[in-house]
Amino acid sequence: MKKILFMFDKLLQVLMALCLAFMAILVFGNVVLRYAFHSGITWSEEMSRFLFIWMVFLGSIVALKDGSHLGMDLVVTKLPDRVRRIVLIVGQLIILYILGLVLQGSWKMTMDSLESKAPATGLPLSFVYGIGIVLSIGMIVITFTQMYKTISQHKNSPIKKLENLKEEQYRVRASGGEQ
């Protein structure tokens, strides 16, 4: 399971890097063509926008896996271990419900836009809306993994991360400032 998640993470990082590289090449190339030759690539702006959308959504999956999304843990860190575990599981269940809604909406939008084409690139708009399906499925897998780790008291569970954060905050306060 670790190897599959590791490969999934690396795949996401490579896809994000490719999106960023292709965006930079398209935008830079278009600027050079416009200023030097008074022409440009007609579809570069639209394709760059599509790649940016994909890069942001793929980055959201990686951020969830790494625990990098913005969160309020002020109250949760003060709770007893058992209550903290319950609160985290309820939060993860809410996340799963919302991801289910995103998956359902993305599926409908993707299916509805199969025949619609983007004006400059001619790509089906389902290419853009399909990232919602990828996002939902990726985040659902990660959330289930985090729930399993929380329930089984795994060493890399969200509970352990909160405990480590709490210990770090105490060390900073005890040392009289920031590290």
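Do any of LYS78/LYS149; LYS78/LYS108; LYS10/LYS149; LYS65/LYS108 go past 31 Å between their Cα atoms, and which? Violating the 31 Å limit, Cα to Cα: LYS78/LYS108. From helices alone, the chain scores -27000 deg cm²/dmol at 222 nm; the rule is -39500 (n - 2.57) for each run of n ≥ 4 DSSP H residues, then divide by the residue total.
Summarising the amide proton neighbourhood of LYS117: residues at separation of 5 or more, or on other chains, whose placed amide H is nearer than 5 Å comprise LEU125. Evaluating 6.51 cos²θ - 1.76 cosθ + 1.60 at θ = phi - 60° for every residue in the range 33-46, the Karplus couplings come out as 4, 5, 7, 8, 10, 6, 9, x, 8, 5, 9, 5, 5, 5 Hz, glycine and proline recorded as x. Take the convex hull of the alpha carbons in the chain; its mean projected area over all directions comes to 14.3 nm².
Each residue of the range 54-62 was assigned a 3J(HN,Hα) from its phi angle through the Karplus expression (A = 6.51, B = -1.76, C = 1.60, θ = phi - 60°), giving 4, 5, 5, 5, 5, x, 5, 5, 5 Hz with x at Gly and Pro. Backbone geometry of the range 90-100 corresponds, through the Karplus equation with coefficients 6.51, -1.76 and 1.60 at θ = phi - 60°, to 3J(HN,Hα) couplings of 4, x, 5, 5, 5, 4, 4, 4, 5, 5, x Hz, x marking Gly and Pro.
Residues considered: LYS78, LYS149, LYS65. Largest GNM mean-square fluctuation over the chain, using C-alpha springs under 10 Å, is found at LYS78.
Placing dummy labels 7 Å off each Cα toward the beta-carbon, the span from ASP66 to ILE151 is 2.9 nm.
Electrostatic tally near LEU5: other residues with Cβ closer than 14 Å to its Cβ, Lys and Arg +1, Asp and Glu -1, net +3. Pairs of Cα atoms nearer than 8 Å and 6+ residues apart set the relative contact order; for the range 2-175 it is 21 percent.
Only the coordinates and a few stated rules stand behind these numbers; no lab work does. Nothing here was measured: the structure is a model prediction, and the numbers come from that model. Neighbour counts run over all protein chains shown; Cβ positions are idealised from the backbone, glycine included.
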